[in-house]
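Working notes for the structure below.
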Amino acid sequence: MARKAKLLNGNRVKKSLSTRTHSCPNCGVEICRDTNAAINILKKGMVILGS
């Protein structure tokens, strides 16, 4: 998955705010930036709540 690819190699793909999707150059996964943000917020909340 794109997030894991970023964590492994530390690369970020620069894009403007008007670009609504992210395509991982390593694994080819394409994800909506809003969906990805929601996933990240959910994961962070679960860590805070200890779930």
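Values in this text are rule-based calculations from the coordinates and carry no lab data. Bear in mind the structure is a predicted one, so any value in this text is a computation, not a measurement. Using ideal geometry, Cβ is built from the backbone for each residue, glycine included, and neighbour counts are taken over all protein chains shown.
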Placing each pseudo-label 7 Å from Cα in the direction of the beta carbon, ARG20 and ILE39 end up separated by a distance in nanometres of 1.8 nm
On full extension of the chain, what length is gained from GLU30 through MET46, given 0.36 nm per residue of separation minus the C-alpha to C-alpha distance? 3.3 nm
